[in-house]
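First comes the structure, then the notes that go with it.
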Amino acid sequence: VVYVTTRQTYDHAARRPYAGGLFVSRDAGRTWESLLAFRFVTSVAVSPTDSRTLYVSTTDHPYHDAYPAEGVLKSVDGGRTWQHENTGMSHRGVQSVAIDPHDPARIYACTSGNSVFVGRDARPQAK
């Protein structure tokens, strides 16, 4: 399984936008499925204890406020549904999200506000 995140982009030559979001390939990149349609997804982290648990970071449009950041989103069902995981965060423009390899319950969110927020997942699941 391969996950890819992308920000929305616009091809001026073709006059065509390309969607941002989280995409997954289950066949080594031959086909792709959208798991999360959001204009500015910046990273993905997969739980080492439960591959169905995903975290994504989101940010906003760099030049205007029409599309605000959503912070960190979490899915416990492989990307079918998402919930916000932003308790205690003062900044929602998150550039990257990571899971501590030595403590899978510890989640890091690095923001464009030059901050790192550390949270705990109360229920990391064993495979």
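Between Gln95 and Tyr63, the simple label model (points 7 Å from Cα in the Cβ direction) yields a spacing of 2.1 nm.
Note that the range 29-43 has calculated 3J(HN,Hα) couplings of x, 5, 10, 10, 10, 7, 9, 8, 8, 8, 4, 9, 8, 10, 7 Hz, one per residue in order, obtained from phi through the Karplus relation 6.51 cos²θ - 1.76 cosθ + 1.60 (θ = phi - 60°); glycine and proline are x. Rounded to whole numbers, the Karplus 3J(HN,Hα) couplings from phi for the range 9-14 are 10, 10, 8, 5, 5, 8 Hz, using 6.51 cos²θ - 1.76 cosθ + 1.60 with θ = phi - 60°, and x at Gly and Pro. The heavy atoms of Arg106 present about 80 square angstrom of accessible area, all protein chains included, probe 1.4 Å. Ligands, DNA and RNA left out, the accessible area of the range 1-121 computed with a 1.4 Å probe is 50% carbon and sulfur. Oblate is the label for the chain, because the ratio a/c of its alpha-carbon gyration tensor axes (a ≥ b ≥ c) is 1.5 or higher and a/b is not greater than b/c. His61 exposes around 50 Å² of accessible area when a 1.4 Å probe is run over every protein chain in place. Per-residue SASA remark: Trp32, around 120 Å² accessible (1.4 Å probe; ligands, DNA and RNA not included). For the range 1-66, the solvent-accessible area works out to 60 Å² per residue, with a probe of 1.4 Å and every protein chain left in place.
The values are calculated or read from the model by the stated rules, or taken from the named source; none is laboratory data. These numbers were taken from a predicted model, which means no experiment stands behind them. FYI the Cβ positions are ideal-geometry reconstructions off the backbone, even for glycines, and counts take in every protein chain you see. Note: areas computed on protein heavy atoms with side chains; ligands, DNA, RNA excluded. Shrake-Rupley method; radii C 1.70, N 1.55, O 1.52, S 1.80 Å.
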